[in-house]
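**Q** Before I ask anything, let me first share the structure, which is written out below as structure tokens.
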Amino acid sequence: MSTLVTGATGQVGRRVLTELRRRGLPAAGASRDGEVRLDWTDTTSWEPAVEGVERLFVTVPMAGGLTDRVGAFLERAVAAGVRTAVLTTAMGTENGPPDSEQRVLERRVRELFDHWTVVRPNWLDQDFTEGVFARLARSRKGRLELPLAKAAAVSFVDARDVTHTVVAALTEEGHHGREYTLTGPAAVTFREVVRMTKGTESPVWRYKKVDEAGFYFRATDIGWSDRYVDTLNERFRAIADGRAAVVTDDVRRALGRDPAPMAKFARESLH
């Protein structure tokens, strides 16, 4: 059975594609410039992308304004014979406004596919090496500046645990109709993360709290859109309120083992 991996250049999509291929399973990566061309805004790319596909991994950029487009693509995929879909959104999506982009897409996946799984990761460990936090720190000579106190805590999850959960949902029985909120085994503060990563290959060396206006200036200065920055600020408010510090057992539910702690990621990936 062939699997199409959307967002194949992203932190999770790239790893999902690699893991499927490592297991010898037929899979193709889809993106605007990938081996399979898929442009959410170009409907002519949709049918060729899903031809012969039976399983679909869907990840959509936050605050991309693509809800209607992606929903229409999902309908096209079902019409083409795709029966299984795994969607990643973000921790807390289920509690967001009913008309929020990610929540609407979760609803569409449930409605359309015979077999579906929703995966909601918390912030990734890898955000400090290749994601949001890494890019911000590189733009400020190693100083991560966020509208959050150093003591703000997050149950960061390893992208590898997210990857294995997605692959399990795509390839194994028992995940249909499941909604997994993935976290690490414990909440860790930004102060603790900087201590773990200081002196390593991590681009984050220091931490400084700024207000939302200051963060907005820094984020838009590196080219992020107003919509994306607003979405980040919403997620930061969830951290400030303590909602991102919640720890779940969903990695164990999905994989039968405990999630990797941040300290293990720092030890193995940064030294």
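The values are calculated or read from the model by the stated rules, or taken from the named source; none is laboratory data. Keep in mind it's a predicted model, so treat the numbers as computed, not measured. Every residue, glycine as well, gets a Cβ built from its backbone with ideal geometry; the counts of neighbours run over all protein chains shown. All accessible areas refer to the heavy atoms of the entire protein, side chains included, with ligands and DNA or RNA removed. Shrake-Rupley method; radii C 1.70, N 1.55, O 1.52, S 1.80 Å.
**Q** Please compute the per residue accessible area over the stretch 40-133 with all protein chains in place, 1.4 Å probe, rounded to a whole number of Å².
**A** 39
**Q** Same structure again: From the residues VAL109, GLY92, ALA28, which one has its Cα farthest along the dipole of the stretch 11-119 in the positive direction, the dipole being from +1 and -1 charges on Cβ of Lys/Arg and Asp/Glu about the Cα centre?
**A** Working it through, the farthest residue towards the positive pole turns out to be ALA28.
**Q** Quick one: grab the alpha carbon gyration tensor of the stretch 1-90, order the square roots of its eigenvalues as a ≥ b ≥ c, and give me rounded if a/c is under 1.5, else prolate or oblate depending on whether a/b is larger than b/c.
**A** The shape class here is oblate.
**Q** Under a Cβ-only charge scheme (Lys and Arg +1, Asp and Glu -1), can you give me the dipole magnitude of the stretch 1-157 about the Cα centre, in debye to the nearest 20?
**A** Around 680 debye, computed over the stretch 1-157.
**Q** Once Lys and Arg get +1 and Asp and Glu get -1 on their Cβ, which of GLY131, ALA159, LEU146 lies farthest toward the positive end of the dipole of the stretch 121-163?
**A** LEU146
**Q** Now, a different point. Restricting to bridges with both residues inside the chain, how much of the DSSP beta-bridge set is antiparallel, in percent to the nearest 5?
**A** Antiparallel bridges: around 5 percent, rounded to the nearest 5.
**Q** Another one. Please identify, among ALA254, ALA134, ALA213, the residue showing maximal mean-square fluctuation in a Gaussian network model of the chain using a 10 angstrom Cα cutoff.
**A** Comparing ALA254, ALA134, ALA213 in a Gaussian network model of the chain, the most mobile one is ALA213.
**Q** Same structure again: Below 8 Å, C-alpha to C-alpha, sequence gap of six or more: please give me the relative contact order for the stretch 115-191 in percent.
**A** Relative contact order here is 50 percent.
**Q** Another question, if that's okay. Taking a ≥ b ≥ c as the square roots of the eigenvalues of the Cα gyration tensor of the stretch 106-229, is the shape rounded (a/c under 1.5), prolate (a/b larger than b/c) or oblate?
**A** Cα axes put the stretch 106-229 in the prolate bin.
**Q** Label the stretch 188-252 by shape, choosing from rounded, prolate and oblate, from the square roots a ≥ b ≥ c of the eigenvalues of the Cα gyration tensor; if a/c is under 1.5 it is rounded, and otherwise prolate applies when a/b is larger than b/c, oblate when it is not.
**A** oblate
**Q** What net charge do the residues around GLU179 carry, taking every other residue with its C-beta under 13 Å from that of GLU179, with Lys and Arg at +1 and Asp and Glu at -1?
**A** +3
**Q** While we're here: Under a 1.4 Å probe, what is the accessible area of the stretch 198-271 per residue, stated in Å²?
**A** 57
**Q** Once neighbouring chains are kept in place and the probe is 1.4 Å, which whole percent of the accessible area of the chain is contributed by carbon and sulfur?
**A** 47
**Q** Sticking with this one: Give me the distance between the Cα centres of the stretch 12-69 and the stretch 213-271, rounded to whole Å.
**A** Taking the Cα centre of the stretch 213-271 as reference, the centre of the stretch 12-69 is 23 Å away.
**Q** Let me know the charge dipole size of the chain about its Cα centre in debye, to the nearest 20, where only the beta-carbon of Lys, Arg (+1) and Asp, Glu (-1) is charged.
**A** About 1120 debye.
**Q** Relative to the Cα centre, what is the charge dipole magnitude of the stretch 1-72, using +1 at the beta carbon of each Lys and Arg, -1 at the beta carbon of each Asp and Glu, and rounding to the nearest 20 debye?
**A** Its charge dipole is roughly 420 debye.
**Q** Further, regarding this structure: What 222 nm value per residue comes from the helices of the chain, counting each DSSP H run with n ≥ 4 as -39,500 (n - 2.57) and dividing by all residues, nearest 500 deg cm²/dmol?
**A** -12000 deg cm²/dmol
**Q** Net charge within 9 Å of TRP46 by Cβ-Cβ distance, Lys/Arg positive one each and Asp/Glu negative one each, not counting TRP46 itself?
**A** Net charge around TRP46: -2.
**Q** Which of VAL251, ASN233, ILE222 sits closest to the plus end of the dipole of the stretch 214-255, meaning its Cα is farthest towards the positive end, when Lys and Arg get +1 and Asp and Glu get -1 on the C-beta?
**A** Value: VAL251.
**Q** Another question about this same structure. Taking Cα pairs under 8 Å and at least six residues apart, what relative contact order does the stretch 99-156 come out at, in percent?
**A** 29
**Q** Right, next: Net charge within 11 Å of SER139 by Cβ-Cβ distance, Lys/Arg positive one each and Asp/Glu negative one each, not counting SER139 itself?
**A** Result for the neighbourhood of SER139: +4.
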